[in-house]
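Note sheet for the following structure.
Read-outs: derived from the displayed coordinates by stated rules, not from any lab. The model shown is predicted, which means the values in this text are computed figures rather than measured ones. Don't worry about glycine lacking a Cβ; one is built from the backbone with ideal geometry, like all the others, and counts go over all protein chains shown.
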Amino acid sequence: MKRNLITAALILLLGGTGFGQTAMRAGITLGSTVAWPADLSGLNSGFFTVSRAGFQGGLVNTLTFADRLVFRFGVNANMQSYAIRQTGVDKYRFDARIRSLNLEIPLQFGFTGYLGSLRHREMIGASLQTNLSASSKIVQQGDSVAVISPAGTVAVSQAIYPVITAAFEIGSEFDNDGALFFGACIRYGFQETTRSNVSSNFFPAQQAAYNGTYLGFGLTFYFPRYSYWFKREFIY
């Protein structure tokens, strides 16, 4: 399933280059993520979750119709992370950090316009997301460390998950026809992708489920359509 998703992403990016000459813009995006778990019913009193920063990056293609409508698609790899922590224990700190590496294909449609000299876009859509790997790391400090042997595991489902998205970006074009945009996108998953399990001889098992929901921020650079080195316009 993962191989099929990667193949579909490449076909979408490469095959979409024939839609037009002036409305299509290809680019690269890079930024950060802030994720949070969906189900905290497996946590006892005194345990809580904390969102942690991750990263995201990938390739994008944006198609603009009549300078008003926009269609954006691409392929994105992202690291989503959160932590399970414990309070109420003197001189002791417990922190289980969970990381999930995912691949997704976002498809978004919306409106575009100008705010002065800046172009803005508001888009909604959906993503197909699959988990590539997941891991947990235990950080502990305090007098009780010597008698505690915590263990952390992350259960991962190998399916492809649907995620709905809402995004906004704003930016400007350069004299060489390139463009730089800053954007934010929130993603909400419909089903569980990973479930963390943290336990020790000091406390019972604690679990938190994650469904792929996170807030992403990033910069997107759109490549110029004209090359000053080759003196020609790229057709994409």
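The table that follows gives values for the structure above.
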| quantity | calculated |
| --- | --- |
| FRET E, pair VAL139, LEU180, Förster distance 41 Å, beta-carbon r, rounded to 0.05 | 0.65 |
| LEU132 long-range amide H proximity, modeled H, under 5 Å | LEU101, ASN102, LEU103 |
| Net charge of Cβ neighbours under 12 Å - reference GLY54; Lys, Arg +1; Asp, Glu -1 | +3 |
| Gain in span if fully extended, LEU101 to ILE164, counting 0.36 nm per residue against the direct Cα distance | 20.9 nm |
| Anisotropy class of segment 106-217 from Cα gyration tensor, a/c 1.5 cut | prolate |
